[in-house]
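Worksheet: one structure, shown below.
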Amino acid sequence: MKEITVTSSFYAYLSRLRWIKRWGLKRNAHEENVMEHSWEVSVIAHTLALIKNRYYDGNVDANAIATAALYHDITEVITGDLPTPIKYHSKEINAAYKQIEKQAEKELLNLLPSELRADFEALIHHDKMPEEHVQIIKAADKISAYLKCQAELKAGNTEFETAAEQLARTIGESEQPEVAFFMQVFVPGCGLTLDGLMKTY
């Protein structure tokens, strides 16, 4: 057995994603953290990839996409969650944030034992991922945000009205057929209560 001589704080950082709150500029009826959001994006991305392969002649690695999606917001453990209206307020702010994000990617990667860095590089560095994977994860991210908005609206929180409308428009304009499939087949059930879900058996 190889002697272990290194320690790493990589997973200590990851575990703190549960304390990073999303939607910080809005009043939330139900708070959402980056850790739970990452899980939701991962399962949506996995499903989108499978839909693409089974229905639309795709040939993507659904498991690789799901894994990458789990790490898609990992840098926020350093940067925090910068709300979308601020992130895209201007080209200058967006460019500056991308630079900060890239630096955070490097710092997190360097926390790993050197033998593992190559394995994690394609998960942490977004520009190392296949473009098809990136597009599916981005679509899953938007669907997750849309579902969050719908849950807030259902709870009577009108803070999320504009965000829900913008996301619905963006998702509706998507040229990815797997996105339209997911929205038609899976999203309607997300608005049901537990009793409503039980009746669908």
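Taking every C-alpha pair closer than 8 Å and separated by at least 6 residues, the mean separation divided by the residue count of the chain gives a relative contact order of 24 percent. Among the chymotrypsin sites (Phe, Trp or Tyr not before Pro) found in the range 86-121, those both in a DSSP coil and sparsely packed, with 15 or fewer other Cβ atoms within 10 Å of their Cβ, are TYR88. Both radii come from the Cα set of the chain: Rg as radius of gyration, Rh as Kirkwood radius; their ratio Rg/Rh reads 0.99. Taking amide H atoms as placed 1.01 Å from N in the peptide plane, the amide H of ILE20 lies under 5 Å from those of VAL34, MET35, each 5 or more residues away in sequence or on another chain. Here the range 10-198 is assigned +1 on the Cβ of each Lys and Arg and -1 on the Cβ of each Asp and Glu. Its dipole about the Cα centre then comes out at about 340 debye. Overall, the range 75-171 carries a charge dipole of about 200 debye about its Cα centre when +1 sits on the Cβ of Lys and Arg and -1 on the Cβ of Asp and Glu, all other atoms neutral. Considering only TYR55, VAL187, LEU197, the residue lying farthest towards the positive end of the dipole of the chain is LEU197, judged by Cα position with unit charges set on Cβ.
Since every read-out is calculated from the coordinates, none of them should be taken as a lab result. Everything numeric in this text was worked out from a predicted model, so none of it was measured. Because the Cβ atoms are built from the backbone with ideal geometry, glycine has one as well, and the counts that use them run over all protein chains shown.
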